[in-house]
Amino acid sequence: MLFDNDHDDDEDATFVIQRSTVSNAFLKHVPTGRAAQASLLVVMTTFTYAESDEDYKGLRYQSGFGNHFSSEALPGSLPVGQNNPLVCPYGLYAEQISGSAFTAPRDNNFRSWLYRIKPSVTHEPFTPRFPKHEFLVNDFTASEKVDTTPTQLRWKPMKIPESPTDFLEGLFTICGAGSPFLRHGYAIHLYAANKSMENYAFANADGDFLIVPQEGRLLVKTEFGKLLASPGEIIVLQQGFRFSVCLPDGPSRGYVAEVYDGHFRLPELGPIGANGLAAPRDFMVPTAWFDNTQYSEFKVVQKFGGELFEARQTFSPFNVVAWDGNYAPYKYDMKKFCPFNTVLFDHADPSINTVLTLPSERPGVAVLDLVVFPPRWLTAEHTFRPPYFHRNCMSEFMGLIYGSYEGKAEGFLPGGSSLHNCMTPHGVDTITYENTIARGCETPTKISEETLAFMFESSLIPKVTKWALASPHLDKDYYKGWVGLQSHFAIENANGRT
Ligand SMILES: [Fe+2]
């Protein structure tokens, strides 16, 4: 019972940029200079980050996409003029995390330096996590848990579990292609959770996560700081980052794209010019924050080759006092997307709404695109304005965050999903078609501010998990939305439908 037909209206999607989580009162008493740093060490050992409901209300972000960022939670904690000094400020350890090969070209070279209280290597050996997670797939080339079908698929919204379930426990795979062992492909997961991850962090060695919360905010603690995301925003957590997902609003659900090839980038703008679509300024990167608490046990759970392993340690992995680099998590508010479209006739391809893309080695062909369908004006004259009927060599997975998608009058609910696989025909349903023709389109209309849909589009053909195909919430009547389309063909009517 992974899906549910019930759905409450989406939660408050207020965007938050706030002050540092590091206590200002603490910082006011921080001395400066080398001599003072010894006394700070004493202060730090007694500094305990206080978790509370207010904890996420003081977040501050850095702005930009792909920038080289710097952030320090204590003044002077970043080394000056070098990455790896013999002795770091405050006695911190220097540790690099690389998100690309050392020798990757500059525009595709990602790494950050983390200055932390203890290095990541300080843990007991990894062992397989028990009980095993039965609903994750990552190697779609060999898994027996997946199947293929060319038919149109749609699922009703997933159900929030009744038993205690955190983000990782509530994560399950819907479809995907390729394998992280080959560094090529992707997986699409859903999650439904009702409790925060406690005293453990998750890291994904297989690829990057792009998380799309649909209901309930996510507060994600990372080694780089904290990110708070409401429905309508996305969070990207790249390969290797350790993070814990907390649920400040309680139950939460959403979508996750995992990519194995590399990292998302902004699409080229071509003739659009220098401005438009997702603006680099609107990507938010966390500021440094650290937890120096001693734990009797803190676990790091790592997904490696699709399997979960865990290692014990006595400190939080969120012990990074300062960091510097261009390999960092970020969030983006899709409501800030600046859409472009036709202003006279016909319908642009949905690629005009690309937020982020992960290019393949073939020019113009994506491993995975994130495409958004935001509120916007429809102005085309003598044009069928909703999405056109089509078949596509790319495969399209769609989700609805809130509202009502323009191409589906019925059945596609917030929290629901659809998959139109390679060359599977699709388009608007019968009701939408008939209403559009009856209404005409000479008057500009605006898609509601209360609607936000998105698509993961891939050149790789996804296989679908057997549990997703067997789910009682798979909409077996999906095809009926189209079989009612009537023939309006009339050989005597050469000028179109009357
Ligand atoms: Fe499509």
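Give the number of residues within segment 396-428 that are among the acidic types (Asp, Glu) and either at pLDDT below 90 or touching a Cys at 6+ places or on another chain (Cβ under 6 Å) (or both).
Of segment 396-428, the ones among the acidic types (Asp, Glu) are 396, 406, 410.
Those left that are additionally either at pLDDT below 90 or touching a Cys at 6+ places or on another chain (Cβ under 6 Å) (or both): 406, 410.
Qualifying residue count, segment 396-428: 2.
Among what's in segment 445-469 and is away from the ligand (no atom under 16 Å from the Cβ) and among the small types (Gly, Ala, Ser), pick the residue that is surrounded by the fewest Cβ atoms within 10 Å (Cβ to Cβ).
SER448
Which pairs have Cβ atoms under 6 Å, sit 6 or more apart or on different chains, and link a residue in segment 473-492 that is touching a residue at least 12 places away in the same chain (Cβ under 8 Å) to one that is among the acidic types (Asp, Glu)?
The qualifying pairs are GLY481/ASP429.
Output the qualifying pairs, or none if there are none: Cβ atoms under 6 angstrom, residues six or more apart or on different chains, first residue in segment 58-83 and acidic (Asp, Glu), second residue assigned to a loop (DSSP other than H, G, I, E, B).
Here the result reads GLU72/LEU78; GLU72/ALA288, each pair linking segment 58-83 to a residue that is assigned to a loop (DSSP other than H, G, I, E, B).
Could you go through segment 259-276 and let me know if any residue there is within 20 Å of GLY170 (Cα to Cα) and either surrounded by 18 or more Cβ atoms within 10 Å (Cβ to Cβ) or hydrophobic (A, V, I, L, M, F, W, C) (or both).
Kept after step one, since they are within 20 Å of GLY170 (Cα to Cα), are these residues of segment 259-276: 259.
From what's left, either surrounded by 18 or more Cβ atoms within 10 Å (Cβ to Cβ) or hydrophobic (A, V, I, L, M, F, W, C) (or both): 259.
Yes: one or more hits.
Residue under question is ALA348, and the condition is that it be free of Cβ contacts under 8 Å to residues at least 12 places away in the same chain and on the phi < 0 side of the Ramachandran plot; does it hold?
Working: free of Cβ contacts under 8 Å to residues at least 12 places away in the same chain: yes; on the phi < 0 side of the Ramachandran plot: yes.
Answer is yes for this residue.
Does GLY399 satisfy being more than 9 Å from the ligand (Cβ to nearest atom) and under 26 Å from the mean Cα position of the chain (by Cα)? Quick ask: steps written out before the conclusion?
On the way: more than 9 Å from the ligand (Cβ to nearest atom): yes; under 26 Å from the mean Cα position of the chain (by Cα): yes.
When the stated conditions are applied, GLY399 passes them.
Which residues, counting only those in segment 365-396, are of a type in the set (S, T, N, Q) and within 11 Å of the ligand (Cβ to nearest atom)?
To start, the set of residues in segment 365-396 that are of a type in the set (S, T, N, Q) comprises 379, 383, 392, 395.
Correct list: ASN392, SER395.
Could you check how many residues of segment 203-243 are over 22 Å from PHE298 (Cα atoms), hydroxyl-bearing (Ser, Thr, Tyr) and out of contact with any Lys or Arg (no Cβ under 6 Å at 6 or more places or on another chain)?
0
Could you figure out which of (1) in contact with a helix residue (DSSP H, G or I) (Cβ under 8 Å, 6 or more places away or on another chain); (2) under 22 Å from LEU368 (Cα atoms) isn't true of VAL428?
If we test VAL428 against (1) in contact with a helix residue (DSSP H, G or I) (Cβ under 8 Å, 6 or more places away or on another chain); (2) under 22 Å from LEU368 (Cα atoms), just (2) comes out false.
Working only within segment 92-107, note down all residues that are of a type outside the set (A, V, I, L, M, F, W, C) and surrounded by 13 or more Cβ atoms within 10 Å (Cβ to Cβ).
The initial filter retains those residues of segment 92-107 that are of a type outside the set (A, V, I, L, M, F, W, C), namely 93, 95-96, 98-100, 103, 105-107.
Listed by number, the residues that qualify are TYR93, GLU95, GLN96, SER98, GLY99, SER100.
In segment 191-237, how many are among the aromatic types (Phe, Trp, Tyr) and under 12 Å from the mean Cα position of the chain (by Cα)?
2
For segment 427-444, which residues satisfy the criterion of being crowded, with 21+ Cβ neighbours inside 10 Å and either under 26 Å from the mean Cα position of the chain (by Cα) or of a type in the set (A, V, I, L, M) (or both)?
Hit for segment 427-444 is VAL428, nothing else.
Give, as residue ranges, the strands (runs of 3 or more DSSP E) completely inside segment 192-280 that count at least 3 residues that are touching a His at 6+ places or on another chain (Cβ under 9 Å) and under 22 Å from SER459 (Cα atoms).
On the way: elements: 200-204, 208-215, 218-222, 225-229, 233-237, 242-246, 252-259.
Output list reads 252-259.
Looking at segment 410-444, which of its residues are aliphatic (A, V, I, L, M), assigned to a loop (DSSP other than H, G, I, E, B) and more than 16 Å from the ligand (Cβ to nearest atom)? Give the steps one after another, and end with the answer.
Going residue by residue through segment 410-444, those that are aliphatic (A, V, I, L, M) are 413, 419, 423, 428, 431, 437-438.
Next cut, assigned to a loop (DSSP other than H, G, I, E, B) only: 413, 423, 428.
Scanning segment 410-444 gives a single hit, LEU413.
ILE352 fails exactly one of the following numbered conditions: (1) of a type outside the set (Phe, Trp, Tyr); (2) under 25 Å from GLY207 (Cβ atoms); (3) under 20 Å from the mean Cα position of the chain (by Cα). What is the number of that condition?
Result: ILE352 passes all but (2).
The values are calculated or read from the model by the stated rules, or taken from the named source; none is laboratory data. This one's a predicted model, so the numbers in the text were calculated from it and none came from an experiment. Here the Cβ is made from the backbone with ideal geometry for all residues, glycine too, and neighbour counts use every protein chain on show.
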